[in-house]
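Take a look at the structure set out below.
No value in this document is a laboratory result; all are computed from the given coordinates. These numbers were taken from a predicted model, which means no experiment stands behind them. FYI the Cβ positions are ideal-geometry reconstructions off the backbone, even for glycines, and counts take in every protein chain you see.
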Amino acid sequence: MGHIRKRPTLLKIKLLAIREFLNATQVDMASKLESEILSYSSRHYRIKPGRTSEYENGRREPNLFVLMAYGRLAKVHLESLVNDEVSVETFRFRLGKEVDYAKLLRRRRKTLDPKEHA
C-alpha cells in the first residue's frame, strides 16, 4: 500500500558540512535555523541547540521546514542535500553556490507587486 522511504545516509554529514561552512557552533546553528524558518514561513519553530547534534549524528532526521532552512542558509538545493547520489565532496563544492534564495524571493516579490502591474 505505502512506500517506505529510504533514509538518506549522507544527510548527517551534509548537515555538519553546512554548519562548518557557516562557521557556526551548534547553538548558533539552532538559532540560525529558527530565524530562517521564521523569516520564510512566519512560523515560530523552536530548535533546541542539542537538536543540531542529533541531526549531525543521525539520531534524528530533521523535518521539511528544518531541511529547507538548512538549504536556504547554505544556498543549496534541497535535492543536493537529501540525494545520496550527490557525494559529500560534490556537496561541499556546491555550498553557497547553487541558489540564492534571498535573490529569488526578491524577484518573486517584485513580480507579485501590484504597483508594477498597474
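In terms of other Cβ atoms within 10 Å, 81, 95 run from fewest to most in the order 95, 81.
Computed extension gain for residue 65 through residue 27, at 0.36 nm per residue and net of the alpha carbon distance, reaches 11.9 nm.
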